[in-house]
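Encoded as structure tokens, the structure appears first; notes follow it.
The values are calculated or read from the model by the stated rules, or taken from the named source; none is laboratory data. This structure is a prediction, so every number in the text was calculated from the model and none was measured. Note that we place each Cβ from the backbone using ideal geometry, even for glycine, and neighbour counts take in every protein chain shown.
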Amino acid sequence: MTIAEVREAESGRPQPGDSGGPIILLEDVHKWFGRLHVLRGISLRIHPGEVVVVAGPSGSGKSTMIRCINRLESHQRGRIVVDGIELTDDTRNIDAVRSEVGMVFQSFNLFPHLTALQNVSLAPMKVRRWPRARSERVGLELLERVGMPEKAHVYPGQLSGGQQQRVAIARALAMQPKIMLFDEPTSALDPEMIQEVLDVMKGLAREAGMTMIVVTHEMGFAREVADRILFMDEGAIVEEGAPEHFFTNPTHPRTKLFLSKILHQ
Amino acid sequence: MAMRVGALAPPDQRPTPLAWLQANLFAGPWNALLTVLTAAALAAAALRLVGWMLRAHWAVVGDNLRFWLVGPMPVEFVGRAYWAGGLIAGAALLTVLGLRVRVAPRVLIGLWLGILAGAGWVMSPVRLDEVGGFYLTLLLATVGIGASFPVGVLVGVGRVSRLPVIRTASLLYIELIRGVPFITVLLWFSVFVTLVSGDALGRVQRAMIAMTVFTSAYVAEIVRGGIQSVPRGQTEAARALGLSGLQAMRHIILPQAMRNMIPALVGQFISLFKDTSLAVIIGLTELVGTGRALLAITAYLHDVREVYVFLIVVYFVFSYAMSSASRRLERRLGLGER
């Protein structure tokens, strides 16, 4: 990375019309769990509006990497800059980044004691300090966008897995994030519910132009929606490229093995 | 080939009463012998109990209701005590009715604050150390529960804090208190605290503080368990949305933890209610103290059994009421939310 690029990344948020600056920048990021070296020098730049799919075997560090981007995990070496804000121990920076970055979890993590609408409108009310009426109006719009306005007053326990995950997506969108992180959003779903969640995500990528990082094994989704696919193994990005390159012409043997297993089952 | 299978009713497998008796009480000679012997022993015990009950002198209860209720309170204040008791009983009744028709909790809390302020005002001329009987038992239990709950929640949240100073202080407090019996805490507060406080704190107040300090440590552990019973993903989801640590605790973790905590918490509060009886050793005339004071009167010297049976019944009725109320609460909170 050149000095000019680093200066650009540090110069604060990109202004409208500001062309080319990455919205997410990872530079030689390392992380250890105890003695276990889980991220081994990750460098990555993601531009606004880009949809990046991260694939790889379990234990390869995919989830840890995206959890570092909103500081659910802290990295121990290297730099992470999100929307012009560098992630450090400074809690103000962390809070600022978290309110720009939405996250969707494998196990949904909806709040079981709140209704779908309360799940969606809680954060705008408490973090953005919007009045209840405005938060709920936006919440209802979002529930409509994920296709379940009629479930607004239902508790998560009464929803199917796919419905819960769609509410979770609406909940993340309620903070009007610039970036959405998806941590294996369909891995805990019954097969017949995967498509409804993927459809919502496709809509988000195509219509809203959202910047998205998606950790997933859904290669159909990757082929159709991703601008770029990363393949991770043992804490490092071993292959990176556009879907057509990734599926037709992988170079790394580990990628070839992974693809042969996942595509020909 | 597709075939629809009609649903069948489950088979009736209940035995007839005679078959049940034969299988459970008279299966073989040893079983029959054991049944007969047990029945004979029970019958003999019941006969003696009934005989005692017919001869029992319940006058020690019936003639001293005033002392059982309010203890050695000066007679000119007794009327006030009954008024205050009536107010609180009325509030309890309104609460039960209010829960039936699903009044907002805010209204009920307001009602209780008002009633308690009213009762406090009615009782304000009475010195705390003059009250006794059931009144004192209830007062000790209510203040103990009312104070140890918030303190316990604070210490419990402190116990899982990320700040080492707060975490260690909470841990020290919890382990110190849990390492000593309640009686010693009670004695310590009644003997040593006066070194510092002088006459500023009466005996009853010292007992209240002792109960709060003691029970808070246990409440804190229950709170910690409740907090840790909420899956990690809940905190992560809350933090990922931008909620601060305190906001996540207040809006996401504690509401869920609270429901898991109810059975243990009620158990702790029932045990606090019963432990008020230990205040008798620092000379308070609560229920047990009243019983002992009455037994010291010549006319009642031989009514020990009557007094203790009465005490058992009173403690049981109130403890049972608390535990059945908590079961209802659990059922109500459990509905439709998880």
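B:Ile262 meets each of the listed conditions (1) under 30 Å from B:Thr184 (Cβ atoms); (2) away from chain A (no Cβ under 14 Å) apart from (2).
Within region A:216-239, one or more residues are among the small types (Gly, Ala, Ser), surrounded by 23 or more Cβ atoms within 10 Å (Cβ to Cβ) and in contact with a helix residue (DSSP H, G or I) (Cβ under 7 Å, 6 or more places away or on another chain). Do we have B:Leu272 as at pLDDT 90 or above, crowded, with 20+ Cβ neighbours inside 10 Å and farther than 23 Å from B:Pro72 by Cβ here? Yes, satisfied. Looking only at region B:148-164, decide whether some residue is within 14 Å of chain A (Cβ to nearest Cβ), free of Cβ contacts under 8 Å to residues at least 60 places away in the same chain and at negative phi. The answer is yes, given that some residue of region B:148-164 is within 14 Å of chain A (Cβ to nearest Cβ), free of Cβ contacts under 8 Å to residues at least 60 places away in the same chain and at negative phi.
Of everything in region B:313-324, what is surrounded by fewer than 12 Cβ atoms within 10 Å (Cβ to Cβ) and either under 17 Å from B:Ala264 (Cα atoms) or in the same structural domain as B:Leu265 (by TED's automatic domain parsing) (or both)? Give them in sequence order. Before the answer, list the steps.
Keep residues of region B:313-324 that are surrounded by fewer than 12 Cβ atoms within 10 Å (Cβ to Cβ), which gives B:313, B:316-317, B:320-321, B:324.
Answer for region B:313-324, where residues must be surrounded by fewer than 12 Cβ atoms within 10 Å (Cβ to Cβ) and either under 17 Å from B:Ala264 (Cα atoms) or in the same structural domain as B:Leu265 (by TED's automatic domain parsing) (or both): B:Tyr320, B:Ala321, B:Ser324.
Against the test of being within 19 Å of B:Met73 (Cβ to Cβ), modelled with pLDDT under 95 and not β-branched (Val, Ile, Thr), the options B:Leu295, B:Leu287 yield a single qualifying residue, B:Leu287.
The residue of region A:148-185 that is nearest to A:Gly56 (Cα to Cα), among those that are surrounded by fewer than 16 Cβ atoms within 10 Å (Cβ to Cβ) and more than 12 Å from chain B (Cβ to nearest Cβ), is A:Ser160. Which residue, of B:Arg305, B:Arg232, is in contact (Cβ under 8 Å) with a residue 12 or more places away in the chain, out of contact with any strand residue (DSSP E or B) (no Cβ under 8 Å at 6 or more places or on another chain) and either of a type in the set (Phe, Trp, Tyr) or surrounded by fewer than 19 Cβ atoms within 10 Å (Cβ to Cβ) (or both)? Result: B:Arg305 is the single residue among B:Arg305, B:Arg232 that is in contact (Cβ under 8 Å) with a residue 12 or more places away in the chain, out of contact with any strand residue (DSSP E or B) (no Cβ under 8 Å at 6 or more places or on another chain) and either of a type in the set (Phe, Trp, Tyr) or surrounded by fewer than 19 Cβ atoms within 10 Å (Cβ to Cβ) (or both).
In a residue-by-residue description of region B:143-150, the property of being touching an Asp or Glu at 6+ places or on another chain (Cβ under 7 Å), surrounded by 11 or more Cβ atoms within 10 Å (Cβ to Cβ) and of a type in the set (Gly, Ala, Ser) applies to no position. The sole residue among B:Thr215, B:Thr168 that is within 26 Å of B:Ile227 (Cα to Cα) and either in contact (Cβ under 8 Å) with a residue 40 or more places away in the chain or not in a helix (DSSP H, G or I) (or both) is B:Thr215. The condition of being within 14 Å of chain A (Cβ to nearest Cβ), part of a helix (DSSP H, G or I) and either over 17 Å from A:His113 (Cβ atoms) or at pLDDT 90 or above (or both) holds for B:Glu236. When only residues in region A:64-107 that are among the hydroxyl-bearing types (Ser, Thr, Tyr) and more than 9 Å from chain B (Cβ to nearest Cβ) count, which is surrounded by the most Cβ atoms within 10 Å (Cβ to Cβ)? The extreme case among them is A:Thr64.
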